[in-house]
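A quick write-up on the structure given underneath.
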Amino acid sequence: MASMMLICCEGKTECEYFDILRRSVFRLPGYFDIRIEGEKGQHKKLIDHTVARRSKIAQEEGLVEDDVECWVVCDDDNMIISNFQPHRFRSEQHPISGRAA
């Protein structure tokens, strides 16, 4: 079971929505840490950033990467790449060990 969640968002607004949910709606147990980062790029760049941050956070906190659950939040407005399938890109470029995503 993950002890930390990392949510990386494409823009500032999505980040603010998740921060509001964290502060106002959800009551998280003290042992669970949630980190929300915004304005981290679009699609492939966002996935690459999230994978790199997961590794860095795990190393800094003395965790294995599977202890950091990751979510990538983006939309498809003004999308240059048609038919982008983030789950396929993640699987091909950044395989997850230990459990299915």
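Just so you know, all these numbers are worked out from the coordinates, no wet-lab data involved. All values reported here derive from a predicted model rather than from experimental measurement. Note that each Cβ is placed from the backbone with ideal geometry, even for glycine, and that neighbours are counted across all protein chains shown.
Around residue 38, what is the net charge, scoring Lys/Arg as +1 and Asp/Glu as -1 over all other residues with Cβ under 12 Å from its Cβ?
-3
For residue 65 and residue 37 in one chain, what is 0.36 nm times their gap in residues minus the Cα-Cα distance, to one decimal in nm?
Fully extending the segment from residue 65 to residue 37 adds 8.3 nm.
What is the set of long-range amide H partners of residue 6 at a cut-off below 5 Å, with H atoms built 1.01 Å from backbone N?
Sorted by chain and number, the residues that satisfy this are 35, 69, 70, 71.
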